[in-house]
Amino acid sequence: MSEKKYLDVFLKEEDLMAREMFHGFVEKEIMPVRHLVDDDNDFMIVNRILQGLTNLGVQKAAFPLEYGGGGAASIVSAAIMHEELARGDSGIATSATVTTWAFLPAIIAGNKAVLDHFAPMFCGDALKLGCFAITEPGGTHGGGGCDIENPSLQGRKIRTVARLEGDEWVINGQKAWGSNAGVADAYCIVCTTDPDLGDEGIALMYVPSPCEGLSFGKFENKAGMQGDKNCMMFLEDVRVPKGFRAAGPGADAQLMHNNVIAARILTGALAVGNAQGAFETVLKYAGERIVADKPIRQHSICAGMLADMAIGIETARNYCLAAAYMYDHTETYGPPVSDFMLSRASIAKTYAADVAVMVTNKAMELMGSYGYVRDYHVEKYWRDCKIIQLWEGGAQLGRFDVCRGYYECNL
Ligand SMILES: Cc1cc2nc3c(=O)[nH]c(=O)nc-3n(C[C@H](O)[C@H](O)[C@H](O)COP(=O)(O)OP(=O)(O)OC[C@H]3O[C@@H](n4cnc5c(N)ncnc54)[C@H](O)[C@@H]3O)c2cc1C
């Protein structure tokens, strides 16, 4: 593999070393078993891989150094890891990285109560998982995933309510779909103290699991992404200490929007990795399989399809890294939570997800029936990547958010 695929300006030496490490891990630990992940109902395979990533330091990477974490703060570095892991399995990559996402608000806020309680466990050697729960089932008021992510709606659609009683928050509500739901050891639950307060009411609450009042539905039966578990979460009078709110009124809204922006960049990188994996598979196959007396890829109509895939992957990768670089360089591009950054992150995510869907589709076409069977990997890339278009605000809110960076939107 050539490192020429990255612009020097984006990457530091340690990023290239980490990339080599994750690439090697994927080749050794994921590639040989990725076709078994869909049937891994007892999580034996997935948990073994996740434990391997914990051993590499993924779980503790973003926790502060004083808690034994890695003190990592670069989204560019995180994007490289997301791409490499997703080249193997984007569901496992999601499960492994969502833990950091769940703790990012507390880490940014420097919340001592949360970090004192959770960091020792998450910076240890054993596999622990976190979940960041924004999405709700929705109802006649709206309030699905997009309505809560939509900054214009200012948290007014959230129906999971946190009420302060003495020194404790009491939380009631329902969350849907969160990655690692039902298997996580800690949940960051997006609540409101009062929907009428708008952004001031948004409250990010840390809930350990198990916890009295916290229960789960059955695991969702999805088309793909089986390496990541999802289910309904029910909160009935769940009590957590007062200090387990991430930051406070106003600040929690900023932290939630920051998480959405960071996740759009990083799930863009996830889509790139998925597309890269499918591309490598089809490139090899199309070089070996003969149709009409020559390899598939020597037919110009097929070469054109491979070229479109390469164009998509290269441009998506570079734009995801460009957006990550902007996020990291606040001195030039301003604060991470801004219409500008939301717009650039949404370009990265919507474009990369569309590329992954296009690439996996075309790869399957070029492989004929072999693209459709599990042995050849492409059908799994195809099933796994579709959700990247749909999550994190979906393709439509994503495009709406792109426009916010260019004009005042009254859509
Ligand atoms: C595998 C998987 C992992 C997930 N992980 C997580 C997680 O870790 N945490 C979490 O909180 N959630 C998670 N989700 C949920 C996911 O992020 C949401 O489903 C997603 O944000 C969309 O929300 P929704 O399904 O409620 O759709 P809706 O909000 O009902 O949207 C439906 C449609 O309306 C469009 N739309 C929405 N708003 C607008 C608008 N203003 N203008 C025009 N069109 C609009 C959308 O783009 C979409 O096409 C996950 C889901 C899956 C399947």
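The values are calculated or read from the model by the stated rules, or taken from the named source; none is laboratory data. Remember, it's a predicted structure, so these values are computed and weren't measured experimentally. Methodologically, a virtual Cβ is constructed for each residue, glycine included, from the backbone with ideal geometry; neighbour enumeration extends over all protein chains shown. Calculation scope for accessible area: heavy atoms of the full protein, side chains included, ligands and nucleic acids excluded. Shrake-Rupley method; radii C 1.70, N 1.55, O 1.52, S 1.80 Å.
General remarks:
- Tensor-based shape of the range 131-248 (alpha-carbon gyration tensor, a/c under 1.5 rounded, otherwise prolate or oblate): oblate
- Phi to ³J(HN,Hα) by Karplus 6.51 cos²θ - 1.76 cosθ + 1.60 over the range 211-224, Hz, x for Gly, Pro: 8, 4, x, 9, 9, 9, x, 6, 5, 5, 9, 9, 5, x
- Counted residue by residue at 0.36 nm each, then reduced by the alpha carbon distance between them, the extension gain from D167 to I301 reaches 41.5 nm.
- Set of aspartates and glutamates with alpha-carbon distance to K4 below 19 Å, sequence-local pairs under 8 removed: E13, E14, D15, E20, E83, E84, E280, E314
- Helix axis angle, 90-109 relative to the chain longest principal axis, alpha carbon, degrees: 30 degrees
- Neighbour net charge for Y406 - beta-carbon separation under 15 angstrom, K R +1, D E -1: 0
- Cross-link table K157/K386; K28/K218; K5/K284, entries beyond 24 Å C-alpha to C-alpha: K157/K386; K28/K218
- For V291, distant residues with modelled amide H under 5 Å away: I296
- Global geometry of the range 252-403, whether rounded, prolate or oblate, following the gyration tensor of its Cα atoms and the 1.5 cut on a/c: prolate
- Percent carbon-and-sulfur accessible area, the range 322-411, ignoring ligands, DNA and RNA, probe 1.4 Å: 56 percent
- Amide hydrogen proximity for T193: with H placed 1.01 Å from N in the peptide plane, the residues at 5 or more positions away or on another chain lying under 5 Å are A162, I202, A203.
- Carbon/sulfur fraction of accessible area - the range 38-77, other protein chains in place, 1.4 Å, %: 54 percent
- Environment charge at D228 (Cβ cut-off 13 Å; Lys +1, Arg +1, Asp -1, Glu -1): -2
- The string of couplings for the range 155-162 from the Karplus curve (6.51, -1.76, 1.60, θ = phi - 60°) is x, 6, 9, 5, 10, 8, 10, 10 Hz, one whole number per residue in order, with x for Gly and Pro.
- Portion, in percent, of the accessible area of the range 131-248 that falls on carbon or sulfur, probe 1.4 Å: 49 percent
- Among the trypsin sites (Lys or Arg not before Pro) within the range 188-270, those in coil by DSSP and having at most 16 neighbouring Cβ atoms inside 10 Å are K218.
- Spherically averaged projected area of the convex hull of Cα atoms, the chain: 20.0 nm².
- In order through the range 302-312: 3J(HN,Hα) via Karplus (6.51 cos²θ - 1.76 cosθ + 1.60), integer Hz, x for Gly, Pro: 7, 4, x, 5, 5, 4, 4, 5, 4, 4, x
- The residues of the chain have, on average, 41 Å² of accessible surface per residue, using a 1.4 Å probe with all protein chains present.
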